[in-house]
Amino acid sequence: MTTISPETEQRLRQLFRRFNRFMLLMWRLGLGRFINFLPDGVGRIMVIEHIGRKTGQVRQTPVNYAEIDGDIYCTAGFGAVSHWYRNLLARPQVEIWLPDGRFHAHATDITNEPNTLPILRQVLINSGFAATAVGVHPKTMSDAELAAVTQSYRLIRFTRQQPAPGGPDLLWVWPALLGLLLGIVWFKRIYAEEDDS
Amino acid sequence: MKHNTKRLIYWLPRVLSIAFALFISIFALDVFGVGYSFGETVLALLMHLIPTFLVLIALVIAWRWERVGALLFVVLAGLYLSVSRAESWSWIIAGPLLLLAVLFLFDWRVRTQAQTGL
């Protein structure tokens, strides 16, 4: 049960897909730490690197998360239909990209475990505007209200393991951009000097 | 109108256009890391950068002829909305384009008034 119509949900899924594409590129550019600077607005965002259950290809999905007692939690707000969630069920061994580094992790669906509502509430608080956009107000809703509107949500726990190798693969863009800017400045100077003479 | 305000009105649409071009260029970086060969990567990058090139062309024209540039920004926004069937998310791209058009028109108006002494 959600508080929005199926049409609105479909529109929001499209919007989040584009937003996620942007967020993933921010991580790949090495800006993962910086996009977590405004948790109340944008939320806390990590990336799950998982394997497609049909294609076997590596997939990356940005999600909101909360860290509680050393474990990482996230939720599939659109329920069990989310591809990344189904991929996690098929292959729970994943890699997570957090602001303090990349880690191998084991994913477990804990939706049906007892007393998980406070954890889900914290994940939703950490989702910034995303929860509010789908009509969920984790800071003000009572436990009963929150449980009702998040009935279809899935809650996943990631148990952090050893650090994973690798880092942002698009870091080279920054020196390339700097080189381009310096080139433009240099070209302008040459051009201006020629004009003067 | 103060000199600093005029400078702001002149530079704001130009700087925002460059920032917007950089923003949409980020999406072109998707082509890296998907297993393309060098040639395929260059081709894919050029194709993904077409929206950036269009914005830069509009900016170069608007820099000199604000009204024509503003019109081009409106056309780009209209094109994007029609291609994306005006879905609500498409305003993330079309909205800033329309804003840039308004800012360039405002700049043109302010400078015209200053020149005619109105």
Output for region A:125-181, where each listed residue is of a type in the set (Gly, Ala, Ser), surrounded by fewer than 17 Cβ atoms within 10 Å (Cβ to Cβ) and under 18 Å from residue A:64 (Cβ atoms): A:133, A:135, A:152
Sole exception among (1) of a type in the set (Gly, Ala, Ser); (2) in contact with a Lys or Arg (Cβ under 9 Å, 6 or more places away or on another chain); (3) farther than 27 Å from residue A:5 by Cβ for residue A:79, by number: (3)
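Please specify each residue of region B:88-118 satisfying the condition of being of a type in the set (Gly, Ala, Ser), closer than 22 Å to residue B:55 by Cβ and away from every other protein chain (no Cβ under 14 Å).
Of everything in region B:88-118, just one residue is of a type in the set (Gly, Ala, Ser), closer than 22 Å to residue B:55 by Cβ and away from every other protein chain (no Cβ under 14 Å), namely B:101.
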Wholly enclosed helices (runs of 4 or more DSSP H) of region B:1-85 bearing at least 2 residues under 15 Å from the mean Cα position of the chain (by Cα) and under 22 Å from residue A:174 (Cβ atoms): B:3-26, B:50-64
Some residue of region A:24-37 being modelled with pLDDT under 90, basic (Lys, Arg), out of contact with any Asp or Glu (no Cβ under 8 Å at 6 or more places or on another chain) and surrounded by fewer than 19 Cβ atoms within 10 Å (Cβ to Cβ): yes
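Out of all the residues in region A:144-197, which are part of a loop (DSSP other than H, G, I, E, B) and away from every other protein chain (no Cβ under 14 Å)?
Selection gives A:150, A:151, A:152, A:153, A:164, A:165, A:197.
Within region A:47-67, how many residues are crowded, with 19+ Cβ neighbours inside 10 Å and in contact with an Asp or Glu (Cβ under 9 Å, 6 or more places away or on another chain)?
Within region A:47-67, residues that are crowded, with 19+ Cβ neighbours inside 10 Å and in contact with an Asp or Glu (Cβ under 9 Å, 6 or more places away or on another chain) number 4.
The values are calculated or read from the model by the stated rules, or taken from the named source; none is laboratory data. Please read all numbers here as calculations on a predicted model, not as lab measurements. Methodologically, a virtual Cβ is constructed for each residue, glycine included, from the backbone with ideal geometry; neighbour enumeration extends over all protein chains shown.
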